[in-house]
Amino acid sequence: MTESHKHCPICGTPMPLDERFCSQKCENIFLENQRRVQRSKRIFYIILAIFVVVCILIILRGKI
């Protein structure tokens, strides 16, 4: 039988259960992807907020 193990979330390489990544390279790739996702979320929420403000201004301008 094979020993208990899990796979690296980045490259899929088998690794021990107590490790998060198989190498520093995979950990760096993961962290960079996380930063990219956070930046995308931030940009999305900023654009959404601008859209809501513009909609509110359009509605208020029509009532004045």
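What to note about this one:
- Residue within the stretch 24-36 that is surrounded by 10 or more Cβ atoms within 10 Å (Cβ to Cβ), touching a Cys at 6+ places or on another chain (Cβ under 7 Å) and in a helix (DSSP H, G or I) present: yes
- If the condition is being of a type outside the set (D, E, K, R) and exposed (fewer than 11 other Cβ atoms within 10 Å of the Cβ), then the stretch 1-23 contributes 1, 2, 4, 12, 16, 17.
- Matching entry among 58, 43 (being over 26 Å from the mean Cα position of the chain (by Cα) and among the β-branched types (Val, Ile, Thr)): 58
- Cβ-Cβ distances below 9 Å connect the following pairs, each with a first residue in the stretch 27-44 that is among the acidic types (Asp, Glu), a second residue that is surrounded by 10 or more Cβ atoms within 10 Å (Cβ to Cβ), and a separation of six or more residues or different chains: 27/10; 27/20; 27/21.
The numbers here are math on the coordinates, done by the rules we state, and not lab data. The model shown is predicted, which means the values in this text are computed figures rather than measured ones. Every residue, glycine among them, receives a Cβ derived from its backbone with ideal geometry; neighbour counts consider all protein chains shown.
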